[in-house]
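Shown next, in structure tokens, is the structure this report addresses.
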Amino acid sequence: MAGEDKLERCRQHYAALKRTWQPATAIYQARVAAHMRPDVRVLDLGCGRGGIVERLGRHGCWIGVDADLRSLVEHRLPWLPRGLAHAEALPFADDTFDIVATSWVLEHLRQPAVAFHEIARVLRPGGAFLCLTPNAAHPIPRLNIACRRLRRIQAAAVWLLYGRYPRDTFPVVYRANTPEAITRLAAAAGLYLREIILVEDPAYLMLCRLPLWLAALLEHLIPATWKIHLVGHFVKRARRSRGADIRQSQQE
């Protein structure tokens with residue numbers, strides 16, 4: 001889409017200015033790629049019409065789920081096994097996947113605690129949960145929260161800024177969208193934190209016709225904990241053996 005092309009061009013300009021910078025999508029993809037093996041089982045949670053599976057799908061065994069039927073029908077990879085499902089009710093057996101990967105999904109979850117328990121359930125012990133999502137502390141998501149009741153205004157803004165059709169604009173609630181919230185939800189589900197990365201991205205401000213230098217300056221002035229994107233890496237705790245439980249009981 002035209003809006004996404006503009007966003008990418010803005011990021012390229014910023015990357016030329018700050019050569020050590022990587023967009024959150026690249027960091028997220030690298031974290032997922034680091035876990036790939038020929039036999040790895042991957043759930044693309046909220047697969048949409050494509051995304052990371054288009055770049056890494058040649059490795060491992062992928063399955064996609066999404067709550068939007070139109071996205072599944074229009075998916076760009078006909079070979080991908082995929083189905084209609086919500087994150088709060090995944091139609092898979094326990095310990096099915098080595099990786100659960102999700103991007104731009106957590107901000108939509110109305111019952112994130114249920115979704116995190118489902119993610120942990122379908123992951124095998126030692127499996128990885130990797131996510132990419134907005135940080136609700138950043139001014140742009142804060143503004144989105146303030147305007148979320150005005151759905152027409154939100155849809156129009158998304159169209160003007162990103163070229164995304166209103167039918168692809170889904171309600172956001174940001175209930176799992178700070179480092180503290182996502183870490184707490186993950187821990188309660190049995191997923192322990194390996195890494196959280198907060199990533200700046202002035203491209204969104206540049207789309208509002210701010211010059212590159214001003215957008216970069218504003219992004220620099222934002223506190224480190226407010227950076228707009230959050231990349232998380234969590235691991236499912238291994239089950240304790242019966243012998244370990246007995247030893248622990250004896251020690252107590």
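Points to keep in mind about this one:
- Three-way shape call for segment 4-103 based on the alpha-carbon gyration tensor, with the a/c threshold at 1.5: prolate
- FRET efficiency, residue 93 to residue 22 (Cβ-Cβ, R0 35 Å, nearest 0.05): 0.45
- In segment 1-96, the DSSP beta bridges split such that about 10 percent are antiparallel, to the nearest 5.
- Measuring r between the beta carbons of residue 237 and residue 173 and using R0 = 25 Å, the FRET efficiency lands at 0.35.
- Take the Cα of residue 212, step 7 Å toward its Cβ, do the same at residue 30, and the gap between the two points is 2.1 nm.
- Per residue, the average separation of C-alpha pairs within less than 8 Å and at least 6 apart gives segment 2-239 a relative contact order of 23 percent.
- For residue 187, net neighbour charge (Lys/Arg +1, Asp/Glu -1) across residues whose Cβ lies under 13 Å away: +3
- Reachable lysines, given that their alpha-carbon falls under 25 Å from the alpha-carbon of residue 6 and they are not under 8 places away in the same chain: 18, 227
- Within straight-line cross-link reach of residue 236, aspartates and glutamates at Cα separation under 15 Å, skipping those fewer than 8 residues along the same chain: 94, 95, 98, 118, 195
- Taking label positions 7 Å along the Cα-Cβ direction at both residue 69 and residue 224, the computed distance is 4.8 nm, reported to one decimal.
- Modelled label positions at residue 77 and residue 145, each set 7 Å beyond Cα in the direction of Cβ, lie 3.4 nm from each other.
The numbers here are math on the coordinates, done by the rules we state, and not lab data. Keep in mind that this is a model prediction, so the values were computed, not measured. We place every Cβ from the backbone using ideal geometry, glycine too, and count neighbours over all the protein chains shown.
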